[in-house]
Amino acid sequence: MAENTTNAVMFHSTRSNSKTYTSKQAIRRGIAEDGGLFVTDCLGETRYNISNIVGKSYKQIAKDVLQILLPDFTSSELDECVENAYGDQWEDCEVTPLKQLGTNNDFVLELFHGPTCAFKDVALQILPQFIRCSKNASDSSQNVMILTATSGDTGKAALAGFANVEGTSMVTFYPEGKVSKIQELQMTTQSGSNVKVCAVRGNFDDTQSSVKQIFTNDSINESIKNNNNALLSSANSINIGRLIPQVVYYFYAYSKLVERGSIKLGDEVEFCVPSGNFGNILAGYYAKMLGLPVKHLIVASNSNNVLFDFLVSGTYNKIRPFHQTVAPSMDILVSSNLERMLYYMCNKDTRLLQMLMNDLQQWGAFEVPEDVLSKIRELFGCGWANEDQIRDSIKECWNKHNYVIDPHTACGYFVMSHIPHDSSVPRVLLSTASPYKFPRVVCESLGLNVEGLDDFACMDLLERKTSTNAPKMLSELKNKTARFNDVINVEDMPDYVLKCANEIC
Ligand SMILES: *Cc1c(COP(=O)(O)O)cnc(C)c1O
């Protein structure tokens, strides 16, 4: 599709519309130059016709949705991306199966059947495919080298997606001794000739700061460009290439609800989403803009309840204590993707967004106008669970429904159980991780004795006591040997990146 036809979908920053980009360019860049997030003003102009959604496979729905949101990809490019991303590496051929929770109108959408057993696989299996396709069509023909610092989960999900994808390579750093044994094995056993994994002597913040410095280090960027024909990039969750694939499963869940007769086509449904960076739930908002009948989107948080406070008061204040919780992937104080929702709720006013984000940077807080807050609150509900409530919810869900949930999903379960709602409207809880990723907390919550057990023994115990099976991807790790065993100091990270570029780009 021509890039400059009048109806082309173009992306620009949430903070300015002076420069525009095709979706391929926006995916390669990740974040706008002014620090804003890429958005398109065409969102919602083309709607998804749900009238014949029933019976479609996950892949078919994915192709339909992606073609609307990423129109500068050809249909054959999208076909190939979808086929590569949602194939045999998923333990369930439905990709994101919908299960009923008990006998009432509540459901769970399981997003954790991918290679790393958490929901980030849905996006990170396809993002590398998008990057592969966007080479040449973009302003350069460079390969992309992804750098990440990880506290455990995202790094592995990205590794699994980028491994052996042509035109890409990836280096991931993690803080030595600060990730779980299972997480470490997940990373250090990763296959693929284009990936590297390295432990760093330091904590996560040191590792992350150093990666950020490498991204803005001109001499490293120049060297990798000139010597390796590659561009440094991140697989950050603000990339539209991570956001857009998540819109698909909202439509998929809806098609399954119609198929099983729980609703008629056109009836409204609600989604409850364990949230951190606001990416997953934002995709639900996009689905609504594309025409999905969504009545409410419920944001579930843990003790880092900055989103809850914002949705209640209209003030977003990141100056607050940071809590380490049993749902670590939601331990976030700045929910970056919120900026996109605000852009649309503020009538696409880039000046206002620039002011709000400036306030956040300068004062650590911003406040949205009253009318914007009430518009947001019409659609978004919210709640949060503390540590005890998370553990109690895991136990309650097991006792009531014979269904084991992980601590992140448990935040959503708790909020769903306590928020008032119209029982004729079905509700879908998005389950973001397999309980087997957090076997110790889950066993403890169920009242099982884990004293002296390692994480693999906790998995075995959980299997026996609940008659469920650990995903093979996790249980098999026990017998695998690490491919990567480098450990370096923080100050040696820049040189390490240059060395890797020579080896894997
Ligand atoms: C990343 C993550 C979340 C939070 O999702 P956001 O898109 O950041 O809101 C929730 N649960 C799990 C298991 C995750 O990995």
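The sole residue among Leu111, Leu147 that is of a type outside the set (Lys, Arg), within 30 Å of Lys181 (Cα to Cα) and within 16 Å of the ligand (Cβ to nearest atom) is Leu111. Among residues of segment 255-286 being charged (D, E, K, R) and open to solvent by 20 Å² or more (accessible area, probe 1.4 Å), the one that is farthest from the chain's Cα centre (by Cα) is Lys264.
What number of residues within segment 287-305 are part of a helix (DSSP H, G or I) and either modelled with pLDDT under 95 or crowded, with 24+ Cβ neighbours inside 10 Å (or both)? Residues that pass the stated criteria total 1. Taking each residue of segment 54-79 that is without any contact (Cβ under 8 Å) to a residue 12 or more places away in the chain and looking for partners that are part of a helix (DSSP H, G or I) and open to solvent by 40 Å² or more (accessible area, probe 1.4 Å) with beta-carbon atoms closer than 7 Å, six or more apart or interchain, yields Gln67/Ser75. Taken together, the residues in segment 12-36 that are assigned to a strand (DSSP E or B) and within 19 Å of Ser237 (Cα to Cα) amount to 3. Note on segment 229-283: residues that are in a strand (DSSP E or B) and more than 13 Å from the ligand (Cβ to nearest atom) total 6.
If we only count strands (runs of 3 or more DSSP E) wholly inside segment 66-184, which ones have 2 or more residues that are among the basic types (Lys, Arg)?
none
Within segment 37-65, the residues that satisfy the criterion of being among the acidic types (Asp, Glu) and assigned to a loop (DSSP other than H, G, I, E, B) are Asp41, Glu45. Taken over segment 306-334, the residue count meeting the criterion of being open to solvent by less than 10 Å² (accessible area, probe 1.4 Å), away from the ligand (no atom under 13 Å from the Cβ) and not in a helix (DSSP H, G or I) is 2.
Here is a yes/no grid of residues against (1) under 20 Å from Asn280 (Cβ atoms); (2) open to solvent by 40 Å² or more (accessible area, probe 1.4 Å); (3) touching a Leu at 6+ places or on another chain (Cβ under 7 Å); (4) not in a helix (DSSP H, G or I):
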position	(1), (2), (3), (4)
Asn449	no, yes, no, yes
Leu462	no, no, no, no
Asn469	no, yes, no, yes
Leu474	no, no, no, no
Leu477	no, no, yes, no
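Lys196 fulfils the conditions (1) part of a helix (DSSP H, G or I); (2) within 24 Å of the chain's Cα centre (by Cα) except for a single criterion, (1). If you take the residues of segment 167-211 that are touching a Cys at 6+ places or on another chain (Cβ under 9 Å) and β-branched (Val, Ile, Thr), which of them is surrounded by the most Cβ atoms within 10 Å (Cβ to Cβ)? Top of the filtered list is Val171. Tell me, which residue of segment 417-441 that is more than 15 Å from the ligand (Cβ to nearest atom) and in a helix (DSSP H, G or I) is surrounded by the fewest Cβ atoms within 10 Å (Cβ to Cβ)? In this case the residue turns out to be His418. Of everything in segment 395-416 that is of a type outside the set (A, V, I, L, M, F, W, C) and assigned to a loop (DSSP other than H, G, I, E, B), the residue that is most open to solvent (accessible area, probe 1.4 Å) is Asn402. Within segment 151-162, residues that are farther than 14 Å from Gly192 by Cβ sit with their Cβ atoms under 8 Å from residues that are assigned to a helix (DSSP H, G or I) and away from the ligand (no atom under 11 Å from the Cβ), at 6+ positions apart or across chains, in these pairs: Ser151/Phe204; Gly152/Gln183; Asp153/Gln183. With respect to Leu353, determine if the residue is among the aliphatic types (A, V, I, L, M), in a helix (DSSP H, G or I), more than 15 Å from the ligand (Cβ to nearest atom) and touching a residue at least 60 places away in the same chain (Cβ under 8 Å). Yes; evaluated as a whole, the condition is true for this residue. Scanning segment 194-218 for residues that are of a type in the set (Val, Ile, Thr) and modelled with pLDDT of 90 or more gives Val195, Val197, Val200, Thr207, Val211, Ile214.
The values are calculated or read from the model by the stated rules, or taken from the named source; none is laboratory data. No experiment lies behind these values; they were computed from the predicted model shown. Counting neighbours? That spans all protein chains shown, and the Cβs are built from the backbone with ideal geometry, glycine included. The protein model used for the area step is the full one, side chains on, heavy atoms only, and it has no ligands, DNA or RNA in it. Shrake-Rupley method; radii C 1.70, N 1.55, O 1.52, S 1.80 Å.
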